[in-house]
Each structure stands twice: as structure tokens, then as C-alpha cells.
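The values are calculated or read from the model by the stated rules, or taken from the named source; none is laboratory data. This one's a predicted model, so the numbers in the text were calculated from it and none came from an experiment. In this analysis, Cβ positions are derived from the backbone assuming ideal geometry, glycine residues included, and neighbour counts consider all displayed protein chains.
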């Protein structure tokens, strides 16, 4: 059956974009240029919830694949398909209730806009480090932030969501209403159970903050990596550190970037083991307004194509694993992408671990570290050397991890993704999927039930 695109266009208020239209590429291009050749047949820039519902009904009746797109930052390119992409960015309303701290956002709101809306009210949410990331996708996949050791994952602050289902109905989901979907939307991944029209979060008062950035030359990597890992494990939950070692342009640097919900003086004292391990090449510590701290921690990739492998670890990587990883970094293949390649550990624990693994769909509640391994290249370069190198680094790290992987850093090359992403929660997610989308309208690589 040939899809009747004119019928969809007739019954929706937002523009329906087809290949060749001026805004088509901007509304459909994959964030990760590894998937630059992937394009839909059409993009509907939904003007509001009614457009979303009409698109779902049309896609079901016309047997056309449909996928929602908020920020479009899926590492695996899952924000793009071969059928219809529903661009949600016009669902951008933000309603802040300063009295209760409840914040309701449209399904297309980006993290940077939510930061800006919260700031005048002195409120905070764990929102990650990318201003262009869609808040819906972030929350639905878990959502790790520099404040998560203190305030939990983004998903842990989700109190309600309104979902447009495969049947074309609108369901309000919270702890009392449609509780199965509410549970699934806190870590079960975006695009699996429907299209989230809005989400309501519980914000908290934004505390004072301090930030740090420490850099070391590669020669100091063994002692710094060992010392900072232990520091990350023992630091109070008000302190969150990201430890990384990266190679770009032939140079390798070790870095520690962090946030402390307290004073810079306290942070400097906490960082004493890092300073003692080796003198930093560069050291920045500063007291900041909370939102200035969030701005300082913002990170945007330089673009191009990339691949990421993730693990969770409950204890520091041992010296022999670190030594092997450093040797692998020294043997990294050349790439024209300035992002290079590397290994990073994000400090977890704290509030993340205080949630029962079965209480939300996000199961990884015993992790002390999120371990991220990455490599990058430019479109036109052969990705095979980079992917082989990444597989080699992964082989060195995997024996020291728990076997899990982080859904929001989606890995299309992950074979046992059902267990890695969802663990013991996967059967319950499948049951929820079959209950609300029995025909699998919302389907993509690595979708629930596939």
C-alpha cells in the first residue's frame, strides 16, 4: 500500500516536510553522523498534541513506521526511521509552580530551555550536560547529571507524564493512574510505549555550588586515575566527579571535571588526593551560582561520527586494567575528528543507589561508576579501524564491570542489549509493551519486545 501523505497533511496543522523541502534535513538529520545516510519518508512538525494523535492514527492505518523526535540526540540514530518522524519541538511549553516545585514541560522541550525557565525560581533538576538534549528522551532513559548523586536520576524526579498511545488515546500516567506505564517511563526508554506529550517533574531548591577542572599530562595517568577513582567512591554525595583520559590530535590528557554542592574551599580539601597524586597541568576551582555551575559543565560534541560502549562498575578499575587501557589509548588509530577517543568514569552512588532496582524501569542501582568508552571519526573516513579499536578497549574493561550498559548512551553494536540495558526488569517492560502496543506500532532497533 502506498502511503497517502496528502491525507496526513490535510488533517494536521503543522507542516509535513518531504525530502527536498527546505527544513526537511534539519528536522530529520541524525545527531551522530555515523547514520548520515538514514532519512525518513516525511517529517511532521507537530503543532500540538492533536497533530501527534492524528499522526499516530494515520501511521497505524497506513502501516507506516513512526518515531518521535525531541532533541534528536539518539547515539544510535533511533530518532530517525524510514517512515514518519514526528518532530515534537513545538510542544515546548514550560509551566513552573514555585510553591510546590512541580514543573510540567512539553514533550519537545530541550534541556537548555528548561534550565533557563528554572533559574528565575531558584529551582533545580538533574538535567545532564547538553543544552540541546530533549528532556523527554533524557528522562525516559534514566538521565544522569552532575547532581544525580544528591538528587537522583532525571527519571527519579518524574512524577507524571501524558502519553499518546498506539491506539490513538491519551493516558495520564502517575503512581495511581496507568501505573504500569508510569513505571516503564522511568528508565524504559523513549519511543517504546507511545509519544510523551508532557512530563511533570519534582524540582528542589537550587543550592550553592562550586566547580573544578583539573588536567594532567599523560605521564601522570596511572597514579591520577588510581587516586581519583578512590576519591570518587569516598566523596560525599554532594560531590560528583567525571574522570577521563582522552587522546586527540596525538596528545593524551587526563581530566577531572566536577561539581560540589558546597564551597570551593570544601571542594579543594576533598580534591587533596588528586593534587597529591601528581601536580596538575591546569587547575580551576571556583564558587559559583548553581546555574552558572551548570553552564560551566555544559558539553557539546564537536560533531562527526562516533561510537560509544558503556559499563557500570561497583568498584574502581584495578591498576592492571588501567595500564592496559592506557596502552590501548596510545595505539589509537588516527582520525580527523577532534573529539578523538577515550575512557571516562562518571561518579554514581548516593541517591541513585537508594532506589530499589524494581521501583522504576531503571535497574542499575548498585553502580558506583558509569564507565564510557568512545571513539570518533569524520564522515568519509573508514570507521572500521575506530570500531575495532573500541572493541579492543571494551574487551579490556568488560571483565571489571557488572555487565550492564547505559540506555541513554545507546550502543547499536551491543548484542545482549535486553539484559545489559534492563536486567531483571525486561520481562515486565515487555508485558507493558504488549498491553499498550500489541501490534508493535512503535518499533525501532533495540525497541522493547523486538
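Computed values, structure above
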{"read-out": "Matching residues in the range 174-212 - criterion: being under 30 Å from residue 291 (Cα atoms) and free of Cβ contacts under 8 Å to residues at least 60 places away in the same chain", "value": "174, 182"}
{"read-out": "Those residues of the range 419-450 which are within 22 Å of residue 310 (Cβ to Cβ) and part of a loop (DSSP other than H, G, I, E, B), in sequence order", "value": "444, 445, 446, 447, 448, 450"}
{"read-out": "Residues within the range 30-55 that are more than 24 Å from residue 303 (Cα to Cα) and part of a loop (DSSP other than H, G, I, E, B), tallied", "value": "4"}
{"read-out": "Number of the condition not met by residue 212 [criteria: (1) in a strand (DSSP E or B); (2) surrounded by fewer than 22 Cβ atoms within 10 Å (Cβ to Cβ)]", "value": "(2)"}
{"read-out": "Residue match in the range 362-371 (condition: over 20 Å from residue 76 (Cα atoms), touching a strand residue (DSSP E or B) at 6+ places or on another chain (Cβ under 9 Å) and assigned to a strand (DSSP E or B))", "value": "yes"}
{"read-out": "Unique residue being crowded, with 23+ Cβ neighbours inside 10 Å, more than 25 Å from residue 116 (Cβ to Cβ) and out of contact with any helix residue (DSSP H, G or I) (no Cβ under 7 Å at 6 or more places or on another chain) when the list is 187, 191", "value": "191"}
{"read-out": "Among the residues listed as 243, 267, the single one being touching a strand residue (DSSP E or B) at 6+ places or on another chain (Cβ under 6 Å), over 17 Å from residue 209 (Cβ atoms) and either assigned by TED's automatic domain parsing to the domain that holds residue 129 or at pLDDT 95 or above (or both)", "value": "243"}
{"read-out": "Pair list, Cβ < 8 Å and 6+ apart or interchain, from the range 88-103 residues that are in contact (Cβ under 8 Å) with a residue 40 or more places away in the chain to residues that are surrounded by fewer than 18 Cβ atoms within 10 Å (Cβ to Cβ) and in a loop (DSSP other than H, G, I, E, B)", "value": "90/47; 90/48; 91/48"}
